Amino acid sequence: MFKMLLGAVMLYFVLPAPITHANENSTKPYSEQSIYEKPMIERYVLDELKSLRMDQQDLERRITRDITDRELAVADKSMNYANVTVTYFFYIIAGVASLIALIGWQSMREIKENTKRMAEVQLKDISESYEQKFKALERDLKRKTRIISENNREIEKINEVHNLWLRAQSSQTPEQKLEIYDEILKVRPGDLEALTYKADATMEMREFHWALSLCNRVLEVDDTNAHALYQRACAYACLGVEEQAISDLERAIKDSLSLRELAADEDDFENLRGNERFELLLTAVYD
């Protein structure tokens, strides 16, 4: 249950608001707004993170208590076993003492040595058995501690990345966004969403070759990434490579139908206006 919830939170943080180059001054009814544009979602996520942290702390306390109880139970069994063993030894000694008069001193010494050897063997077996049990408990405790530490680090990364995405959304210039996306990539190297949004920012700066390189890095890992295909189509269109731009746009729309309407108002596709393939693609959107 914890892993599923953690996966849902991670999915939310790495899937921010959809890419758009359309007119930012346009407004949409509240019912048509994306879930990421509604203010209460941030409060919901923060509450979920707080709940995860508290659950994590409770889990750590329970694990520590359970391990302590097991260690005490093992120690108690060890003491009981030692007590029973010593009692049996006293019975043996008493029996040996009663036989002294019959078998003589030599026989008594042999019995004593044999009893000592038997006791040493039994004590050695008991010690080895409990030593193995304690080692197993120690390994289990280390493993669970490592898992808890890894989960805590992952939650910290999620919080940090979430805050960086919020900063990026509120940034006014593409240069500021680039700095924030670079910070995200330091926390999560190779993050495909961060690379795609970084390509978007470079397009705003009119750095088309840079944007093309970033999109290619994403598509080398995921060749069906619709947002990367869309950004690469924008870059190709601005560079005058019309056929490649339209091919990438067709693939992007095939994987994400929401990009069709966005493409109709995209300023970066101005060079494609009048191209038959492009016009047919737009016509198919509204048929």
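The values are calculated or read from the model by the stated rules, or taken from the named source; none is laboratory data. Here the structure is a predicted model, which is why all the values come from computation and not from measurement. Ideal geometry is used to build each Cβ from the backbone, glycine not excepted, and the neighbour counts take in all protein chains shown. Side chains included, ligands, DNA and RNA excluded: accessible areas come from the protein's heavy atoms. Shrake-Rupley method; radii C 1.70, N 1.55, O 1.52, S 1.80 Å.
On average, how much accessible surface per residue is there in the stretch 106-168, in Å², for a 1.4 Å probe, leaving out ligands, DNA and RNA? List each step's numbers first, then the result.
Values: 4560 Å² over 63 residues.
In whole numbers, the stretch 106-168 has 72 Å² accessible per residue.
Heavy-atom accessible area of Asp265 with all protein chains present, probe 1.4 Å, nearest 10 Å²?
It works out to around 100 Å².
At 1.4 Å probe size, put Lys116, Lys144, Lys157 in order of accessible surface, largest to smallest.
Working: Lys116 130, Lys144 60, Lys157 85 Å².
Largest to smallest exposure gives the sequence Lys116, Lys157, Lys144.
Could you please put Thr202, Thr85 in sequence from largest to smallest accessible area, using a 1.4 Å probe?
On the way: Thr202 0, Thr85 20 Å².
Greatest to least solvent exposure: Thr85, Thr202.
Suppose the chain between Thr145 and Asp76 were pulled fully straight at 0.36 nm per residue; how much longer would it get relative to their current alpha carbon spacing? Kindly include the intermediate steps, with their values, before the conclusion.
Values: separation 69, 0.36 × 69 = 24.84 nm, distance 2.52 nm.
Here the segment from Thr145 to Asp76 would lengthen by 22.3 nm.
Evaluate the distance, in nm, between pseudo-label points positioned 7 Å from the Cα of Arg153 and of Met205 along their respective Cα→Cβ axes.
3.1 nm
Considering only protein heavy atoms, with the full assembly of protein chains and a 1.4 angstrom probe, order His162, His209, His227 by accessible area, largest first.
Working: His162 15, His209 135, His227 45 Å².
Final ranking, largest accessible area leading: His209, His227, His162.
Pop the C-beta distance of Arg62 and Glu183 into the FRET formula with R0 = 51 Å and round what comes out to the nearest 0.05.
Values: r = 36 Å, r/R0 = 0.70.
Between Arg62 and Glu183 the formula returns 0.90.
Rounded to the nearest 0.05, what FRET efficiency do Asn114 and Asn83 give with R0 = 22 Å and r taken as the Cβ-Cβ distance? Could you check? Show your work: numbers first, answer last.
Working: r = 23 Å, r/R0 = 1.04.
The calculated FRET efficiency here is 0.45.
Is the stretch 171-283 best put as rounded, prolate or oblate by its Cα gyration tensor, with a ≥ b ≥ c the root eigenvalues, rounded for a/c under 1.5, and otherwise prolate when a/b is larger than b/c, oblate when not? Show your work: numbers first, answer last.
Working: a/c = 2.11, a/b = 1.65, b/c = 1.28.
Since a/c reaches 1.5 and a/b is larger than b/c, the shape of the stretch 171-283 is classed as prolate.
When all protein chains stay in place, what accessible area (Å², nearest 10, 1.4 Å probe) is found for Arg146?
Arg146 exposes around 130 Å² with every protein chain in place.
Quick one: net charge around Leu229, please, counting Lys, Arg +1 and Asp, Glu -1 for every other residue with C-beta under 11 Å from its C-beta.
Numbers: positive: Arg232, Arg251, Lys254; negative: Asp222, Asp223, Asp248, Glu250, Asp255.
In short, -2.
Give me the net charge for the shell around Glu243: Cβ to Cβ below 12 angstrom, other residues only, Lys and Arg +1, Asp and Glu -1. Let's see the in-between values first.
Numbers: positive: Arg277; negative: Glu242, Asp248, Glu250, Glu276.
Spelling it out: positives minus negatives among the neighbours equals -3.
Summing Lys, Arg as +1 and Asp, Glu as -1, what charge do residues with Cβ under 12 Å from the Cβ of Lys186 carry, Lys186 excluded? Before the final figure, lay out each step's value.
Details: positive: Lys157, Arg188; negative: Glu160, Glu179, Asp182, Glu183, Asp191.
Around Lys186, the surrounding residues sum to -3.
Considering only protein heavy atoms and a 1.4 Å probe, what is the carbon-and-sulfur percentage of the accessible area of the stretch 231-287?
Working: 1320 of 2950 Å².
Answer for the stretch 231-287 is 45 percent, counting heavy atoms of protein chains only.
Report the accessible area of Arg65, computed with a 1.4 Å probe over the heavy atoms of all protein chains in place, in Å² rounded to the nearest 10.
120 Å²
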